Amino acid sequence: MKKNIGNYNACFPTPIVVVGAMVNGRPNWFEVAWVGIGDRDIITMSVTPTHKTCEGIFAEKKLSISLVDQPMLQKADYVGIVSGSKVDKSEVFPWEKGELGTPVPTEAPVVMECELLDTYTQHGMNLLVCRVKHTYVEEDLLDEKGKPDFAKLKPVLFEPRFNYLLTGDVLGPCIQPGKAYKA
């Protein structure tokens, strides 16, 4: 029997990402766990607008979004718990400028450069709607079709009890279980 636990959002886990933007000529980073997919090239993120990195996002209308793997987790967690208004986070990740001019962490396995399309404010949070313009992937993490192989990447996920999870198990291809179902 199922128990009604109220209006709890159970669409978790979600990938954690490190978001980067240039602020006063220097990169600033913060970790975001409330990430969603709006379309094949649209990413949404719920963020507190007072983050220092948001200054750069709102001013430049562009940002980088990096998937986090286990080797990157300690630094990702760090940029999520310290304020860029109090600590200079520009040197936490070695980086280079991407084609859009956003800071791209060189140790991140997958980085997307995005343009900010829109911002919606609700309950003190900003929902950022971003369009992916460029995606950079470590070559050894690409599959035979040139797309990211998430079983190799094993992105770190967030779940709302404030735990990190590691992905990796492949259950099989989509559509096959449905074809095998007999009503």
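The values are calculated or read from the model by the stated rules, or taken from the named source; none is laboratory data. In this text, all values refer to a predicted model and were calculated from it rather than measured experimentally. No Cβ is skipped: glycine too gets one built from the backbone with ideal geometry, and neighbour counts run over all protein chains shown. With ligands, DNA and RNA removed, areas are computed over all heavy atoms of the protein, side chains included. Shrake-Rupley method; radii C 1.70, N 1.55, O 1.52, S 1.80 Å.
Note on region 159-182: residues that are open to solvent by 90 Å² or more (accessible area, probe 1.4 Å) and over 30 Å from residue 63 (Cα atoms) amount to 10.
Scanning region 28-50 for residues that are surrounded by 14 or more Cβ atoms within 10 Å (Cβ to Cβ) and among the charged types (D, E, K, R) returns a single hit, 31.
Taken over region 121-158, the residue count meeting the criterion of being aromatic (Phe, Trp, Tyr) and open to solvent by 80 Å² or more (accessible area, probe 1.4 Å) is 1.
Taken over region 24-56, the criterion of being out of contact with any Cys (no Cβ under 9 Å at 6 or more places or on another chain) and among the aliphatic types (A, V, I, L, M) is satisfied by 32, 33, 35, 37.
Please enumerate the residues belonging to region 43-63 that are in a helix (DSSP H, G or I) and without any contact (Cβ under 8 Å) to a residue 60 or more places away in the chain. So that I can check it myself, show each step before the final result.
First, the residues of region 43-63 that are in a helix (DSSP H, G or I): 52-60.
Once the filter is applied, which keeps residues that are in a helix (DSSP H, G or I) and without any contact (Cβ under 8 Å) to a residue 60 or more places away in the chain, region 43-63 yields 52, 53, 55, 56, 59, 60.
What residue, among those in region 147-174 that are at pLDDT 85 or above and β-branched (Val, Ile, Thr), is farthest from the chain's Cα centre (by Cα)? For region 147-174, the residue satisfying everything is 167. Each residue in region 73-119 was checked for being touching a residue at least 60 places away in the same chain (Cβ under 8 Å) and of a type in the set (A, V, I, L, M, F, W, C), and 11 of them qualify. Inspect region 31-39 for any residue being outside any strand (DSSP E or B), touching a Ser or Thr at 6+ places or on another chain (Cβ under 6 Å) and of a type in the set (Phe, Trp, Tyr) and give the result as yes or no. Yes, that holds for at least one residue. Looking at residue 67, is it over 17 Å from residue 162 (Cα atoms), in contact (Cβ under 8 Å) with a residue 40 or more places away in the chain and in contact with a Cys (Cβ under 6 Å, 6 or more places away or on another chain)? Spelling it out, it is not the case that residue 67 is over 17 Å from residue 162 (Cα atoms), in contact (Cβ under 8 Å) with a residue 40 or more places away in the chain and in contact with a Cys (Cβ under 6 Å, 6 or more places away or on another chain).
Quick grid of which residues meet (1) part of a loop (DSSP other than H, G, I, E, B); (2) surrounded by fewer than 21 Cβ atoms within 10 Å (Cβ to Cβ):
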position	(1), (2)
65	no, no
71	no, yes
86	yes, yes
93	yes, no
101	yes, yes
115	no, yes
119	no, yes
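Scanning region 1-27 for residues that are surrounded by fewer than 10 Cβ atoms within 10 Å (Cβ to Cβ), farther than 24 Å from residue 100 by Cα and either touching a Gly at 6+ places or on another chain (Cβ under 6 Å) or not aromatic (Phe, Trp, Tyr) (or both) yields 1, 2, 3, 4, 5, 6, 7, 9, 10, 11. Kindly evaluate residue 109 against the criterion of being at pLDDT 95 or above, surrounded by 14 or more Cβ atoms within 10 Å (Cβ to Cβ), touching a Pro at 6+ places or on another chain (Cβ under 7 Å) and of a type outside the set (A, V, I, L, M, F, W, C). The answer is no for residue 109.
Going through (1) closer than 24 Å to residue 164 by Cα; (2) surrounded by 21 or more Cβ atoms within 10 Å (Cβ to Cβ); (3) in contact with a helix residue (DSSP H, G or I) (Cβ under 8 Å, 6 or more places away or on another chain) one by one, residue 53 falls short only on (3).
Going by the structure shown, is residue 77 of a type in the set (Asp, Glu) and assigned to a loop (DSSP other than H, G, I, E, B)?
For residue 77, the condition - of a type in the set (Asp, Glu) and assigned to a loop (DSSP other than H, G, I, E, B) - is not met.
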